[in-house]
Amino acid sequence: MIETARGTVHEWQRDHMGHINVRAYLEFFDHAAWQTYAALGLTASLLRSGEANLAAVQQNVSYKKELYPGDTIAVRTGVLELREKVVRFRHELYNTETNEVASVCEFTIVCLDAKTRKSCPFPPIVAERARGLIDPLLVLALLQPRHGGKHVGGQHLVDEEARYVLGNERELVDGGDEGRRRAQHSHHRDQRV
């Protein structure tokens, strides 16, 4: 994961209940998204040229820990999935003093043809850079909760799935739902309850 934003929580970001409003979290994620696009090669000048356009098609946010005025934060981002026309990435907003994750945002974008306004493949540089930002261990960690967190036989299941994900990273990256299904199937095949 790479750092994509840094900031400070301010008193004016509180809502009428005294909490830091969700708007503040989303602003931090918005800053991180633009830095992520640039890291992928989707720079402001490229987007302004019309060579590529983006559409955000899904955003899921989870709030884990409350932030308070004066807290310093940073956002780290990693790519979870890459398909020909789709990139899905994860932002983790964390308190830099405690290193605790305060919020997580999974974001899905689609590349659009500027003229037809239909989805199209990302420029090759974007796919190349996105592959470089995939963290197979993050992808693996996100697969674990789907299995109820049970590890029959100790470390064996984690090791087996890690070997599958790390050994077949290209399938997972390019395979989308099918790649995730294969990774999950590998885990279930080796599970002995």
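The values are calculated or read from the model by the stated rules, or taken from the named source; none is laboratory data. Keep in mind it's a predicted model, so treat the numbers as computed, not measured. Positions of Cβ are backbone-derived with ideal geometry, glycine not excepted, and every protein chain shown enters the neighbour counts. What goes into the accessible areas is simple: the full protein's heavy atoms, side chains included, and nothing from ligands, DNA or RNA. Shrake-Rupley method; radii C 1.70, N 1.55, O 1.52, S 1.80 Å.
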Go through region 38-72 and give me each residue that's closer than 18 Å to F107 by Cα and without any contact (Cβ under 8 Å) to a residue 24 or more places away in the chain.
A38, T43
Assess whether G176 counts as being open to solvent by less than 60 Å² (accessible area, probe 1.4 Å), at positive phi, modelled with pLDDT under 90 and not aromatic (F, W, Y).
yes
Of everything in region 100-138, what is loosely packed, with under 14 Cβ neighbours inside 10 Å and of a type in the set (A, V, I, L, M, F, W, C)? Give them in sequence order.
A114, I125, L137
Please verify whether region 88-99 includes one or more residues that are without any contact (Cβ under 8 Å) to a residue 60 or more places away in the chain, open to solvent by 20 Å² or more (accessible area, probe 1.4 Å), basic (K, R) and in a loop (DSSP other than H, G, I, E, B).
no
Go through region 68-93 residue by residue and tally those that are out of contact with any Phe, Trp or Tyr (no Cβ under 8 Å at 6 or more places or on another chain) and farther than 13 Å from R131 by Cβ.
7
Condition (residue is on the phi > 0 side of the Ramachandran plot, outside any strand (DSSP E or B) and either within 14 Å of the chain's Cα centre (by Cα) or at pLDDT 95 or above (or both)) applied to region 29-39: is it met by at least one residue?
no
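Rundown of residues vs (1) open to solvent by less than 50 Å² (accessible area, probe 1.4 Å); (2) under 17 Å from I125 (Cβ atoms); (3) at pLDDT 95 or above, yes/no style:
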{"residue": "R14", "(1), (2), (3)": "no, no, no"}
{"residue": "G18", "(1), (2), (3)": "yes, no, no"}
{"residue": "N21", "(1), (2), (3)": "no, no, no"}
{"residue": "L26", "(1), (2), (3)": "no, no, no"}
{"residue": "S45", "(1), (2), (3)": "no, yes, no"}
{"residue": "R48", "(1), (2), (3)": "no, yes, no"}
{"residue": "A52", "(1), (2), (3)": "yes, yes, no"}
{"residue": "A56", "(1), (2), (3)": "no, no, no"}
{"residue": "K65", "(1), (2), (3)": "no, no, no"}
Condition first: basic (K, R) and assigned to a loop (DSSP other than H, G, I, E, B). Can you find one or more residues in region 48-55 that meet it?
no
Total residues in region 1-21, condition farther than 25 Å from E81 by Cβ and of a type in the set (A, V, I, L, M):
3
